[in-house]
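Q: Structure below; questions to follow.
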């Protein structure tokens, strides 16, 4: 969103250029590489990024990524067919295929799956009316679907 505005893009570009000097890290996440390569600020952010991780790419957007990163035919096939959590890591001058898997503890901390959140809150699906819980959240240990406190 910031890159869509001139002042936001200039700010991100400035941070990207200066961060290492102050021992800072900048993490940016984009759905489409083309959003970065299509702007002067975005190109500077990419150039100053020590590491880049590309996950699965669709046919519609891989050409912009390929233009920027010059994939080998194997890398291109890999990114087009990548499964959940698979990608290509660019770091320290190399390119490596990578698979990212959360440990069970990490998964519990990061999940947004409503059914899993209800299960962690101690609410079984049998306790809910049909269709309830599709968008429930757990707040302070209580399910917003009327579940029990744990």
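The values are calculated or read from the model by the stated rules, or taken from the named source; none is laboratory data. What you are looking at is a predicted structure, and each value in this text was computed from that prediction instead of being measured. Neighbour counts run over all protein chains shown; Cβ positions are idealised from the backbone, glycine included.
Q: Out of curiosity, is residue 89 in a strand (DSSP E or B) and modelled with pLDDT of 90 or more?
A: Criteria met by residue 89.
Q: Tally time: how many residues in segment 25-54 are outside any helix (DSSP H, G or I) and surrounded by fewer than 16 Cβ atoms within 10 Å (Cβ to Cβ)?
A: Here the count works out to 13.
Q: Turning to a different aspect of this structure: Going by what's in this entry, would residue 55 be described as modelled with pLDDT under 90 and out of contact with any helix residue (DSSP H, G or I) (no Cβ under 6 Å at 6 or more places or on another chain)?
A: Against the criterion (modelled with pLDDT under 90 and out of contact with any helix residue (DSSP H, G or I) (no Cβ under 6 Å at 6 or more places or on another chain)), residue 55 does not qualify.
Q: Starting from segment 18-29, keep only residues that are in the same structural domain as residue 44 (by TED's automatic domain parsing), then list their pairs with residues that are surrounded by 10 or more Cβ atoms within 10 Å (Cβ to Cβ) and modelled with pLDDT of 85 or more whose Cβ atoms are within a distance under 6 Å, requiring at least 6 positions of separation or different chains.
A: Listed pairs, sorted by first residue: 26/15; 26/16; 26/19.
Q: Collect the residues in segment 1-24 that are in contact with a helix residue (DSSP H, G or I) (Cβ under 9 Å, 6 or more places away or on another chain), at pLDDT 85 or above and outside any helix (DSSP H, G or I), keeping them in residue-number order.
A: 24
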